[in-house]
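Reviewing the structure listed below.
Bear in mind that the values in this text are calculations on the coordinates, not laboratory data. Since the model is a prediction, treat every value here as computed from it, not as a measurement. Cβ coordinates were reconstructed from backbone atoms using ideal geometry, including for glycine residues, and neighbour counts include every protein chain displayed.
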Amino acid sequence: MLKTRTLGRHGLAVSELGLGCMGMSQWYGATDDAESTATIHRALELGYTLFDTAEAYGPYDNEELLGRALAGRREQAVIATKFGFPMKLKDGSTAEADSRPEHITEVVEASLKRLGTDYIDVLYQHRLDPKVPIEEVVGAMGELVRQGKVRYLGLCEVGAKTIRRAHAVHPLSVVQAEFSVWERNLEDEVIPVLRELGIGLVGFCPLGRGFLTGGVKRAEEYPEDDFRHFDPRLQGANYDQNMAIAAKIKEVATRHDLTPAQLAIAWTLHQGDDVVPIPGTKRRTYLEENTRSAEVVLDSELLAEIEAAVRADAVAGPRYNERMMAFIDR
């Protein structure tokens, strides 16, 4: 069974690993609601409590899937969802980032219905809205806490200055951002501020969107409805350089009787008790493999091997295309 970690200073207790649910509904190949539901149920059995979703995933389908899967088991779960992502709608149109206070209230009411619950454990702003000051956004989110519709607040992919401004309005419990052994952009500024203010870190993509498993293909081999088709790190010479990193990780993992995924997740877990990785999967097999990473003990020698295999400056290419990178607040 997974252990518990407490994020932030206001008692947000979650499993040391969370489950990222996005891929159950979009971006990573064919979906299978039956297997995804079975994966969520298996996660509960293994001690997972943190389940991460968003209105943008699907859009909307993922919240509905999670709500159905947790029916009758709501009290076993910590549900984290998000608003305000610029998303493509099912009719082909695009909804821009929208964090107007009145819109936040509307989105939360809709999310509560889709999730089949009367409260959201963790509410994130998914991406900054340049049109709305963060103080107004967090003020509206804080009002939802006072109403009992939300318990804890978080932000996604934000920089140190934004974190300070937001936290001054209403305490943040968590910040969510991409964080892995090969994506270390948080280490210089963001993580020190989180620790100064007592805010936890939820790290998504601890496997580099699967790259650290060594099993990812070139971008052009994926269909256009798969996120990886547009991933700069899977394109051209970037792919070749990054595959060399994945091969080194696999070599280290094999020598220690681990899978590359287990080694990579274990590294993220090792970064502090205030860090919770949320590897995403829609299959029970991978869930169980990922869960065993919590049992891995990383001594100084093994950590040094990992660092040597993945130097922070060795990764080739940005993690998003130019349009998506514009939404990252650093």
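Identify all lysines with a Cα-Cα distance to Lys149 below 26 Å; exclude those on the same chain that are fewer than 8 residues away in sequence. Output for Lys149: Lys82, Lys113, Lys131.
Looking only at Cα atoms, what is the convex hull volume of the chain per residue, in Å³? Can you show the working numbers first?
Working: hull volume 41.4 nm³, N = 330.
Taking only Cα atoms, the chain has a hull volume of 125 Å³ per residue.
Once you order the gyration tensor axes a ≥ b ≥ c over the Cα atoms, which shape class does region 45-191 get: rounded for a/c under 1.5, otherwise prolate or oblate by comparing a/b with b/c? Note, shape of region 45-191 comes out rounded.
The amide H of Gly280, built 1.01 Å from its N in the peptide plane, has Gly20, Cys205 as neighbours under 5 Å, considering only residues 5 or more places off or on other chains.
Which value in Å is the Kirkwood Rh of region 238-330 over different Cα pairs? Can you show the working numbers first?
Numbers: mean 1/r = 0.0676 Å⁻¹.
Averaging 1/r across every pair of different Cα atoms and inverting gives 14.8 Å.
Under a straight-distance cross-link criterion of Cα-Cα below 28 Å, which lysines are reachable from Lys250, leaving out those fewer than 8 residues away in the same chain? Output for Lys250: Lys3, Lys217, Lys282.
Once backbone amide H atoms are built at 1.01 Å from N, Gln176 has Leu155, Cys156, Glu157, Val202 as its partners under 5 Å, excluding neighbours fewer than 5 places away on the same chain. Using the Cα coordinates of region 185-287, the gyration tensor eigenvalues translate into equivalent-ellipsoid semi-axes of 26, 18, 14 Å, sorted from longest to shortest.
Per DSSP helix of 4 or more residues, -39500 (n - 2.57); summed, then divided by the residues of the chain. What does that give at 222 nm, rounded to the nearest 500?
Working: 11 runs with 121 residues, N = 330.
Result for the chain, helices only: -11000 deg cm²/dmol.
Relative contact order for region 56-154: 31 percent, from Cα pairs under 8 Å spaced at least 6 residues apart, divided by residue count.
Sorted largest first, the principal axis extents computed over the alpha-carbon atoms of region 120-247 equal 49, 31, 26 Å. With a ≥ b ≥ c the root eigenvalues of the C-alpha gyration tensor of region 286-330, is it rounded (a/c under 1.5), prolate (a/b larger than b/c) or oblate? Oblate is the answer for region 286-330, as a/c is 1.5 or above yet b/c matches or exceeds a/b.
Report relative contact order for the chain in percent, whole number only (criteria: Cα-Cα under 8 Å, sequence separation at least 6).
Numbers: 624 pairs, mean separation 65.6, N = 330.
RCO, the chain: 20 percent.
Look at the Cα gyration tensor of region 233-288: its axes a ≥ b ≥ c give a/c of at least 1.5 with a/b over b/c, and that counts as prolate. Each of Phe230, Ala177, Gly208 was scored by the projection of its Cα onto the charge dipole of region 151-250, and the greatest displacement toward the positive side belongs to Ala177; charges sit on the C-beta of Lys, Arg, Asp and Glu.
Distances between every pair of Cα atoms in region 5-85, grouped in 10 Å steps from 0 to the bin holding the largest one, split as 18, 51, 27, 3 percent. Per residue, how big is the convex hull around the C-alpha atoms of region 43-109? Give it to me in cubic angstrom, could you? Dividing the Cα hull volume of region 43-109 by its residue count gives 94 Å³.
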